[in-house]
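Data first, discussion second: the structure below is written as structure tokens.
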Amino acid sequence: MAVLGNSNTTSLNLNPTILADEIALDEVLDMIDPLRHFRNQDDLNDREDRHVVPTQPRSIQNERIQLTFPNRAPKDYCSPSIQITLKVDASPGCGGIAWPAGEVLSNYIALRGKQYCQGRSILELGSGTGLVGLVAGALGGRVWITDQTPLLGIMQENTILNNLQTLVTVSELNWGEKVRPEIPHPDIILAADCVYYEPAFPLLVRTLSDLSGESTEVLFCYKKRRKADKRFFTLLKKYFSWKEIEDDPGRESYNREAISLLLLTKKT
Ligand SMILES: C[S@@+](CC[C@H](N)C(=O)[O-])C[C@H]1O[C@@H](n2cnc3c(N)ncnc32)[C@H](O)[C@@H]1O
């Protein structure tokens, strides 16, 4: 398996062997000094590590943006590009704007095209504006876009703006809570930029595990921000194995931005 983003000092090494060694060492050090992450000088030297949530680039209120994702899958060569109109508004929370990992994942889904999405049941976790799920819906997937209550309004507006109400359903799904019975166990789970708040790590892992079976494909687009993110992968490895998606031509360029696109598979 590839070592992710090895030319970038901000990326996290997700090679399972190296990760296992680092995690084992971390666990021993944590037992000796449980608060060491809050004092760790390396972490504090990294400017991004001072932020618990992603830095907001600027205040964005009620703006519209247009995003285009080339639909390059061979059998869809007649289809136009996927065009999404997105309302972005930071007032309901950090999910109200479009994050780079979401664009990377949207781009990859568009690359896989209709063959990948059509007729399959797809669920997006932490959808924010709904962008990734809307692209999957535009490609014919039966999609659930989910997030916490404050984001549901903007997700609904974006679904209507793109005329995708027949394929895309908006629903509340708080990680760690019991999944509502009307939300199906999906064929594909999508998650972009959902690793940023440490107390939510076990909740996200639980929801991923609750929703996944052996054959569920989880496309997980991750932007490394803090060294503490490693703790998420410590929890994740109890239930999932993963590998980097290698057939994305944009990979080298987003790896440089400390973004990785992973395929997670539930352990049996
Ligand atoms: C950084 S944003 C990413 C949004 C979107 N996926 C994107 O890439 O643009 C993280 C999203 O996770 C959602 N989130 C955070 N904690 C959550 C929780 N406990 N349950 C459900 N969603 C949560 C936030 O509301 C937010 O929309």
Taking other Cβ within 10 Å of each residue's Cβ, how do Leu161, Leu25 sort, fewest first? Leu25, Leu161
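What is the magnitude of the charge dipole of the range 63-266 about its Cα centre, with +1 placed on the Cβ of each Lys and Arg, -1 on the Cβ of each Asp and Glu, and no other charges, expressed in debye to the nearest 20?
Details: 24 positive and 23 negative charges, 96 e Å.
Magnitude of the dipole: close to 460 debye.
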Can you classify the range 69-138 as rounded, prolate or oblate using the Cα gyration tensor, where a ≥ b ≥ c are the square roots of its eigenvalues, rounded means a/c under 1.5, and otherwise it's prolate if a/b beats b/c and oblate if not? prolate
Under the 7 Å Cα-to-Cβ spin-label approximation, Arg256 and Gln156 lie apart by a distance in nanometres of 4.2
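As a footprinting exposure proxy, order Phe220, Phe201 by other Cβ within 10 Å, with the fewest listed first. Intermediate results must be reported in sequence, preceding the final value.
On the way: Phe220 24, Phe201 21.
Ascending number of Cβ neighbours within 10 Å: Phe201, Phe220.
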12 Å reach of a label modelled at Glu214, 7 Å along Cα-to-Cβ, counting backbone N of the range 228-268: 266-268
Pull up the DSSP beta bridges for the range 63-266 and report the antiparallel fraction as a percent, rounded to 5. 50
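Fewest to most neighbouring Cβ within 10 Å: what's the order for Val135, Val205? Display every interim value, and only then the final one.
Values: Val135 30, Val205 21.
Placing the least packed residue first, the sequence is Val205, Val135.
Express the Stokes-Einstein translational diffusion coefficient of the range 63-266 in µm² s⁻¹, to the nearest whole number, given a Kirkwood radius over alpha-carbon pairs, 4 °C and a viscosity of 1.567 mPa s. Intermediate results must be reported in sequence, preceding the final value.
Details: Rh = 16.8 Å.
D = 77 µm²/s.
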Among Leu262, Ile109, Pro181 - extreme Cα towards positive end, dipole of the range 63-266, charges at beta-carbon: Leu262
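Every number in this text was worked out from the coordinates using simple rules, so none of it is lab data. Computed from a prediction, not measured in an experiment: that's the story for all the values here. For neighbour counting, all protein chains shown are included, and Cβ atoms are generated from backbone atoms with ideal geometry for every residue, glycine included.
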